[in-house]
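See below for the structure under consideration.
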Amino acid sequence: MSLDAAMMRATAPAILPGSGGLRGALSDLFWRKPKVLLLLMLLPPVLWLGIVYIGSLFALLAQSFFSIDEFSGLINREFTLKTYGDLFQAANLDIILRTVTMAALVTLASAVIAFPIAYYAARYARGRWKALFYLGIMLPLWSSYLVKIYAWKLILAKEGILTWLLAKLHLLWVLDAWLSLPIVGGNSLSVSFTGTFIVFVYVWLPFMILPVQAALERVPGNLVEASSDLGASPGQTFRNVLFPLALPGIVAGSIFTFSLTLGDYIIPQIIGTSRLFIGQAVYSQQGTAGNIPLAAAFTVVPVVIMGFYLWGAKRMGAFDAL
Amino acid sequence: MRSDGSQSAPLGLKIAAACGLLFLHLPILLIFVYAFTTEEKSFVWPPPGLTTQWFAVTWNRPDVWQALSLSVRVASISTAIALVLGTLCSAAVSRTKFFGRETISLLVILPIALPGIITGIALRSAFSLADIPFSFWTIVLGHATFCVVVVYNNAVARFRRTSGSMIEASMDLGADGFQTFRHVVLPNIATALLAGGMLAFALSFDEVIVTTFTAGQQQTLPIWMLEELIRPRQRPVTNVVAMVVMLVTLLPILAAYYLTRDGDQIAGSGK
């Protein structure tokens with residue numbers, strides 16, 4: 001750099017002139033009026049989500065108040081509660097009850113399986129092990145949903161690995177005895193409610209582990225030590241110290257497992273019996289039956305159930321654990 | 001006192017945790033074995049023989065390539081839209097406090113918090129009310145909507161760790177708003193955006209529930225898989241596709257993890 005240029009620099013004014021032009025004017029405007037910038041930043045995402053998403057939800061809600069003309073199969077766009085009335089037919093109530101029972105069972109089982117993993121990851125895993133546990137939960141969570149279901153189709157098939165394993169262990173009679181039971185059994189695991197249940201638990205398990213782990217990370221280790229110093233057995237420590245402190249995390253996880261089970265229609269379609277779940281009812285009503293109003297009314301059911309569930313969860317303080 | 005975390009876990013807990021992790025991972029490993037099986041008609045275990053011929057067969061299948069190409073195009077455009085919307089939204093939410101800030105966060109999270117079937121049928125009924133025919137863009141519309149949240153989560157976490165005084169310093173030194181964004185803000189959030197973008201890509205690439213409602217006759221790769229799952233015609237090809245899909249979704253997750261692991265919040269914790 002020449003001396004002249006250095007001199008020029010030294011004598012240049014401390015405050016630079018504005019860069020001018022449209023760009024400068026815009027930049028100045030954003031600085032003077034941060035609210036304009038804020039508005040410009042918020043406008044695209046809010047418009048997108050507001051129109052595409054919230055708009056669609058309202059369209060859905062509106063559809064549920066329409067009805068279908070049983071003779072012509074055309075949708076009658078007039079306000080009626082008839083479609084909601086159809087929801088209370090015995091067959092439809094059956095579907096709702098079946099789905100809610102399944103969701104509750106899946107939630108319970110996920111909590112039981114998730115707890116040891118979450119507890120170990122939160123309390124004992126350190127350094128490399130911690131990272132390994134993290135990836136060990138994250139990879140199944142993010143890996144392809146359909147491929148996971150496909151993997152279970154391979155496992156549960158009559159000629160698949162599970163039957164092979166049980167045959168090697170001479171335990172096939174257990175499987176046969178289970179499959180001969182009335183509701184949970186069937187021709188093979190891949191066409192029974194037991195199969196549906198296993199796959200649901202498998203696919204949603206990581207959603208339970210993460211919040212439980214987050215809740216357990218916040219339990220100081222010396223609380224557990226204090227409990228055993230005061231003479232509690234491991235079982236008592238679990239019941240009186242760990243479990244109550246982990247409960248908000250479990251409730252937070254159950255929001256996912258419950259809601260995801262309520263809304264899923266692919267798992268019971270691929271692995272399960274021919275009896276429908278809410279999601280399948282929605283899909284077949286809007287697809288083959290062309291009855292979008294009834295499908296819409298059916299989707300309102302999980303939304304209402306989840307509304308109550310979230311309300312209850314909030315009262316238990318589950319949102320602080322998220 | 002042993003409160004340094006160096007004590008070892010009870011044996012029962014170790015076994016339970018190990019079994020849980022095995023339960024999560026063994027089914028995925030099985031996919032990699034089945035891609036090489038010689039069996040065509042059933043899911044028999046153990047595989048009667050191993051072969052790589054199905055990779056060649058799959059490679060020559062035009063329907064698989066079409067589905068793959070549609071999936072990649074949808075995922076790329078949805079990710080691009082999600083990147084723009086998610087970054088704008090996270091910048092607005094984390095830099096200023098304003099009325100309705102919580103509502104905005106809720107609005108972003110809602111598409112992924114409600115079951116996919118609700119998002120799907122809601123979009124479908126909106127398309128039917130507005131007489132919009134199904135097309136490439138109806139798929140993108142759905143995917144971009146639920147991809148915003150992953151970009152948003154990653155960017156918000158990064159903004160929280162970025163000190164606002166850096167922006168002020170840049171402005172004090174004479175940079176205008178655009179220069180500050182280009183040279184100060186963007187380098188700071190770049191890896192978080194990259195991670196968020198990759199997760200959004202993985203999410204869109206794998207999505208099936210919303211897509212079944214917004215795709216019409218077109219087949220993305222997950223829809224192709226779904227058809228094969230319901231009515232298996234080409235089991236060996238499905239096995240190979242399953243393995244490829246698994247790899248394509250796993251690599252971005254690993255990359256996103258390594259990009260953000262130094263942070264207080266790691267990518268992907270809020271699928």
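What to note about this one:
- Cα pair count fraction exceeding 34 Å, expressed as % - chain A: 48 percent
- Separation of the range B:187-216 from the range A:105-132 is 27 Å, based on Cα centroids.
- The range A:126-246: Cα Rg divided by the 2.2 N^0.38 Å rule of thumb: 1.45
- Summing Cβ point charges (Lys, Arg +1; Asp, Glu -1) relative to the Cα centre of the range B:127-236 gives a dipole of roughly 320 debye.
- Structure remark: mean-square fluctuation, Gaussian network model of chain A, C-alpha springs under 10 Å; the largest value among A:Tyr53, A:Tyr145, A:Tyr134 belongs to A:Tyr53.
- Extreme residue, positive dipole direction of the protein assembly as shown, given options B:Leu129, B:Val184, B:Val210 (C-beta unit charges): B:Val184
- Degrees, to the nearest 10: B:235-260 long Cα axis against longest axis of chain B: 20 degrees
- At most 16 other Cβ within 10 Å, DSSP loop - GluC sites (Glu not before Pro), the range A:152-246: A:Glu159
- Shape annotation for the range B:1-134: C-alpha extents along the principal axes are 66, 63, 24 Å, from largest to smallest.
- Charged side chains reduced to their Cβ positions (Lys and Arg at +1, Asp and Glu at -1) give the range B:46-180 a dipole of some 260 debye around its Cα centre.
- To the nearest ten degrees, helix B:101-113 and the longest principal axis of the Cα atoms of chain B are 0 degrees apart.
- Rounded to the nearest 500, the 222 nm mean residue ellipticity of chain A from helices alone is -22000 deg cm²/dmol, with -39,500 (n - 2.57) taken per DSSP H run of at least 4 residues.
- Ranking A:Leu169, A:Asn187, A:Leu42 by Cα position along the charge dipole of chain A, where only Lys, Arg, Asp and Glu carry charges on their C-beta atoms, puts A:Leu42 farthest toward the positive end.
- Nearby lysines by direct alpha-carbon distance to A:Lys168 (threshold 24 angstrom, same-chain neighbours under 8 apart not counted): A:Lys153, A:Lys158, B:Lys41
- Under the convention that each Lys and Arg Cβ holds +1 and each Asp and Glu Cβ holds -1, the size of the dipole of the protein assembly as shown around its Cα centre is about 780 debye.
- For residues of B:14-21, the mean tally of beta carbons on other chains within 10 Å: 6
- Using only alpha-carbon positions in the range A:61-146, the gyration tensor eigenvalues give semi-axes of 47, 17, 10 Å once each is multiplied by 5 and square-rooted (largest first).
- Chain B: equivalent-ellipsoid semi-axes (sqrt of 5 x gyration tensor eigenvalues, Cα, Å): 38, 28, 18
- Between the range B:99-178 and the range B:28-48, the alpha-carbon centres lie 41 Å apart.
- Choice from A:Phe256, A:Phe133, A:Phe193 with maximal GNM fluctuation in chain A (Cα, 10 Å cutoff): A:Phe133
- For the range A:12-120, the orientation-averaged shadow of the C-alpha convex hull comes to 17.7 nm² (one quarter of the hull surface).
- Principal axes of the range A:263-322: Cα extent on each, largest first, Å: 43, 27, 16
- In the protein assembly as shown, the alpha-carbon atoms span a convex hull of 224 Å³ per residue.
- Between the range A:146-206 and the range A:23-71, the C-alpha centres lie 46 angstrom from each other.
- A Cα-only calculation for the range A:16-64 places Rg and Dmax at 18.1, 62 Å.
- Helix B:221-230 axis, angle to chain B major axis (alpha carbon atoms, nearest 10°): 40 degrees
- When the P(r) of the range B:111-158 is calculated, the portion above 14 Å amounts to 57% of the C-alpha pairs.
- Packing rank of B:194-200, B:173-179, A:170-176, where each peptide gets the mean count of other beta carbons within 10 Å, highest leading: B:194-200, B:173-179, A:170-176
- For peptide A:113-123, the mean count of partner chain Cβ atoms within 10 Å of a residue's Cβ comes to 5.
- Cβ neighbours within 10 Å from other chains - mean over B:110-116: 6
- Protection-proxy order for peptides A:22-34, A:269-281, each taking the mean of Cβ atoms within 10 Å per residue, highest first: A:269-281, A:22-34
- Residue-averaged 222 nm ellipticity for chain B, from DSSP H runs of 4+ at -39500 (n - 2.57), nearest 500: -23500 deg cm²/dmol
- Fluctuation leader among A:Val251, A:Val52, A:Val112 - chain A, Gaussian network, Cα springs under 10 angstrom: A:Val52
- Measuring r between the beta carbons of B:Ser128 and A:Asn240 and using R0 = 60 Å, the FRET efficiency lands at 0.65.
FYI, it's all coordinate maths here, none of it is from the lab. Quick caveat: nothing in here was measured; it's all calculated off a predicted structure. Neighbour counts are summed over all protein chains in view; Cβ atoms, including those assigned to glycine, are modelled from backbone coordinates with ideal geometry.
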